[in-house]
Amino acid sequence: MTNPQTTRSDPAGTTPPRPLDPAYRRLPGPIFALIGAGLASVVVMGWLAFGASNDTVMTMFIASVFAAVALGTPILLARTSRGRIPGADGRARPVGTARWLHGPFETLTGRVSGRTAAIQILLPVLAVALGFVLIALELALVQP
């Protein structure tokens, strides 16, 4: 007797998906640029809002260093990774952002579209940046 699971195609998706090209496991440069812009605005607005007092200068310096490390570590890891697609001449070339957004992105919990991954990555960073901008504006309006 044959096993029906082995004789037909796998509609339930129990077979593991084939591995993605390494280029779809890393973020393209513009995503890092948006993350960097969000972190930079948080640091700048933090300095503008809280850096006026001599008591907070050291704290803001430490927060700035943490922001630089939080952004610098993934950038350094991305620059040293092998996430490139080999071209016709055999040289590796990066995946373009438009192609990355329309392709799959592999995470630890499964695959999502590149667009969904970009939204999930950028939404928290940009929401915090917007919050810091609003806090700094509010402090600028309230303080004499």
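A few comments on the model shown:
- Residues of the stretch 94-111 that are of a type in the set (A, V, I, L, M, F, W, C) and loosely packed, with under 12 Cβ neighbours inside 10 Å: 98, 108.
- Residue list for the stretch 103-116, restricted to those being without any contact (Cβ under 8 Å) to a residue 40 or more places away in the chain, closer than 22 Å to residue 79 by Cα and not basic (Lys, Arg): 107, 108
- In the stretch 1-119, counting only helices (runs of 4 or more DSSP H) that sit wholly within it, the ones holding 3 or more residues that are modelled with pLDDT of 85 or more and of a type outside the set (Asp, Glu) span 29-50, 57-80, 97-102.
- Residue pairs meeting the criteria (Cβ under 8 Å; at least 6 apart or on separate chains; first farther than 17 Å from residue 43 by Cα and at pLDDT below 90, in the stretch 120-144; second exposed (fewer than 11 other Cβ atoms within 10 Å of the Cβ) and of a type outside the set (Asp, Glu)): none
The values are calculated or read from the model by the stated rules, or taken from the named source; none is laboratory data. What you see is a predicted model, and the numbers here were worked out from it, not measured in a lab. Cβ atoms come from the backbone with ideal geometry, glycine included; neighbour counts cover every protein chain shown.
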